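Q: Got a structure for you, questions after.
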Amino acid sequence: MIIRKVAIAVLWGVLCLRVAAAEIEAMPVQLTAVERQMAAWIAERQDDLLAALKTHVEINTGTHNLAGIDQYRRLLAKELQALGFTTRERASEPVSVLSCEGGQLAFANHLIAERKGSKPSRLLLSGHMDTVFAPQDSFQKMTVDQHGTIRGPGVADMKGGLVVMLYALQALAANGRLDDANITILLNSDEEIGSLGSRQLIEELARAHDVGFVFEGSYQNTFTRARKGLGQVRLKITGRESHAGAAHERGVSANLALAQKVVEIEKLTDYAKQMTVNVGMMRGGEKRNTIPGCADAYIDLRFPTLADGEYLKSAIERIADKPSVVNPLYPDLPNVEVWGRLHRPVKAIHPQVDELIAEAMGLSLLLGEPIVGASYSGGGTDGSIAQAVGLPTVDSMGVDADGIHSSREKTTVKSLLARAQLAAVMIGRQIDKRR
Ligand SMILES: [Zn+2]
């Protein structure tokens, strides 16, 4: 058994290394006159792209800031309407939360923009409007320094990507390349909590299109070829409150029970198998002098195969079921509830995506900012959801990202321009493709 386990671990290591180091070679390509014209059109508009990005970034769109996302969605809808798209909104699916407070999560509406025409290929371009930065966060402004480094909340994740998409579309429109195109744009409002309220919409649209582009950030000028799957689990533990001095023995500590389970849950991380578990949030109790009656935790899972994801989820359920703190006066406590979702499927290598990356590498050489390769990532995107229902999706079309989800988030002016040029050319080529 142990030998089998070691063999599996080694095999996994080899497989994942092969994915990580996999070489995709640049496809030999030529730029057409119109493509060169579009690239020049974007290069001349550096100040416009930066001004647009500043406007986008400085509207706070933390996932729970519904008013901020509403304002941002209106701005995006206007810009897309100006490009000939018809826009509509869709309300989020309801998501209830297992926690001590309980309740529903509220999300802003998602935005869908469509342009229909007689061209053969149906393209789905997507991204998210929300960021991880709440309105009270100190990180709100965008700056550009003399080296061309852009800093700000969402400059890379992913308002930079949305500006790339918008200017690519504008360059296409300015050169008559959007005429008769079939393009749908999906911008959701809840990606940063796992697209729990937009998954059905993503799947629905993915099934109705031929190729997908997601404008999430890229790393060190690569494209992402394959991704781990992601899951999330919530635990809620109900004990019994009691006075910490006068009736300590009549309490059942939810904090103690949660602490014991967290130690067990964290042991599920297995780097050799590329499976990780992170208890990212824990809360419990309300007062120093009361035995805590409720505690909850919010847990992140990453895994290389669906079977691994299911294993992690059921392992946590087993840990939750194990008896922990025992008070013979209250044999039914603590009560432990579990909620879990494998919310982003594993994104596997896909021949059509590999081909698009190879083409992008060839084009990027000619455009002067070469993409250096394809990588394997532990981070998920909505492209994983789209591809899992059959849509080949290139999901790192956005700007080069560094320090995302922190006040160190940054990208570069060079990347903003280069990715907008590349997106214009890639989208333009896909519009006409017969399948
Ligand atoms: Zn993102």
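Q: From the list 84, 68, 62, 103, exactly one residue is small (Gly, Ala, Ser) and within 21 Å of residue 297 (Cα to Cα). Which is it?
A: Exactly one of 84, 68, 62, 103 is small (Gly, Ala, Ser) and within 21 Å of residue 297 (Cα to Cα), namely 103.
Q: Here's another thing I want to ask about it. Name the pairs whose Cβ atoms lie under 8 Å apart, with the first residue in region 165-192 and at pLDDT 95 or above, the second more than 16 Å from the ligand (Cβ to nearest atom) and among the acidic types (Asp, Glu), and 6 or more positions between them or separate chains?
A: Once the first residue is at pLDDT 95 or above and sits in region 165-192, its partners that are more than 16 Å from the ligand (Cβ to nearest atom) and among the acidic types (Asp, Glu) give 166/79; 167/48; 183/114; 184/114; 185/114.
Q: OK, next. Is it the case, given these coordinates, that residue 186 is within 16 Å of the ligand (Cβ to nearest atom) and either within 28 Å of residue 374 (Cα to Cα) or not in a loop (DSSP other than H, G, I, E, B) (or both)?
A: Criteria met by residue 186.
Q: Moving on. Residues in region 267-283: is at least one under 27 Å from residue 156 (Cβ atoms), more than 16 Å from the ligand (Cβ to nearest atom), assigned to a strand (DSSP E or B) and touching a Pro at 6+ places or on another chain (Cβ under 6 Å)?
A: No: zero hits.
Q: Let me ask another. State whether one or more residues within region 123-130 are assigned by TED's automatic domain parsing to the domain that holds residue 75, more than 12 Å from the ligand (Cβ to nearest atom) and in a loop (DSSP other than H, G, I, E, B). Spell out how you get there, then give the answer.
A: So in region 123-130, the residues assigned by TED's automatic domain parsing to the domain that holds residue 75 come out as 123-130.
Checking which are more than 12 Å from the ligand (Cβ to nearest atom) leaves us with 123-125.
Imposing the further condition that a residue be in a loop (DSSP other than H, G, I, E, B) reduces the set to none.
No, the conditions are met nowhere in region 123-130.
Q: Out of 344, 419, which single residue is within 27 Å of residue 28 (Cβ to Cβ), of a type in the set (Lys, Arg), buried (at least 21 other Cβ atoms within 10 Å of the Cβ) and within 16 Å of the ligand (Cβ to nearest atom)? Working first, answer last.
A: Details: 344 fails: within 27 Å of residue 28 (Cβ to Cβ).
Selected residue: 419, the only one of 344, 419 that is within 27 Å of residue 28 (Cβ to Cβ), of a type in the set (Lys, Arg), buried (at least 21 other Cβ atoms within 10 Å of the Cβ) and within 16 Å of the ligand (Cβ to nearest atom).
Q: Here's something else I'd like to know. Conditions: (1) touching a Ser or Thr at 6+ places or on another chain (Cβ under 8 Å); (2) crowded, with 23+ Cβ neighbours inside 10 Å. Residue 192 meets all but one. Number of the miss?
A: (2)
Q: In region 150-164, which residue that is more than 15 Å from the chain's Cα centre (by Cα) and aliphatic (A, V, I, L, M) is farthest from the ligand (Cβ to nearest atom)?
A: That would be 150.
Q: Scan region 143-176 residue by residue and report those that are surrounded by 23 or more Cβ atoms within 10 Å (Cβ to Cβ) and part of a loop (DSSP other than H, G, I, E, B).
A: 152, 153, 154, 155, 156, 157, 158
Q: Output the residue which, of all residues in region 131-142 that are assigned to a loop (DSSP other than H, G, I, E, B) and within 14 Å of the ligand (Cβ to nearest atom), is farthest from the chain's Cα centre (by Cα).
A: 133
Q: I need the helices (runs of 4 or more DSSP H) fully contained in region 31-89, keeping only those with at least 3 residues that are closer than 18 Å to residue 155 by Cβ and in contact with a strand residue (DSSP E or B) (Cβ under 9 Å, 6 or more places away or on another chain).
A: Because the criterion is at least 3 residues that are closer than 18 Å to residue 155 by Cβ and in contact with a strand residue (DSSP E or B) (Cβ under 9 Å, 6 or more places away or on another chain), the helices (runs of 4 or more DSSP H) in region 31-89 that meet it are 46-57, 66-82.
Q: Also, I was wondering about something else. Residues in region 189-208 that are within 15 Å of the ligand (Cβ to nearest atom) and either more than 17 Å from the chain's Cα centre (by Cα) or on the phi > 0 side of the Ramachandran plot (or both): how many?
A: Result for region 189-208: 2.
Q: Also: Starting from region 106-117, take each residue that is at pLDDT below 95 and list its partners that are part of a loop (DSSP other than H, G, I, E, B) and polar (S, T, N, Q), counting only C-beta distances under 8 angstrom and pairs at least six apart or across chains.
A: Every condition considered, the pairs that remain are 106/92.
Q: Within region 352-398, work out how many residues are at negative phi and either assigned to a strand (DSSP E or B) or charged (D, E, K, R) (or both). So that I can check it myself, show each step before the final result.
A: Taking region 352-398 as the starting set, the residues that turn out to be at negative phi are 352-367, 369-372, 374-389, 391-398.
From what's left, either assigned to a strand (DSSP E or B) or charged (D, E, K, R) (or both): 354-355, 359, 369, 374-377, 382, 393-396.
Qualifying residue count, region 352-398: 13.
Q: Return the pairs, sorted by first residue and then second, in which the second residue is part of a helix (DSSP H, G or I) and within 13 Å of the ligand (Cβ to nearest atom), the first residue lies in region 376-388 and is touching a residue at least 24 places away in the same chain (Cβ under 8 Å) and within 14 Å of residue 124 (Cβ to Cβ), the beta carbons are less than 7 Å apart, and the residues are 6+ apart or on different chains.
A: Filtered contacts from region 376-388: 382/191.
The values are calculated or read from the model by the stated rules, or taken from the named source; none is laboratory data. Owing to the predicted nature of the structure, the values given are computational and were not obtained by experimental measurement. Positions of Cβ are backbone-derived with ideal geometry, glycine not excepted, and every protein chain shown enters the neighbour counts.
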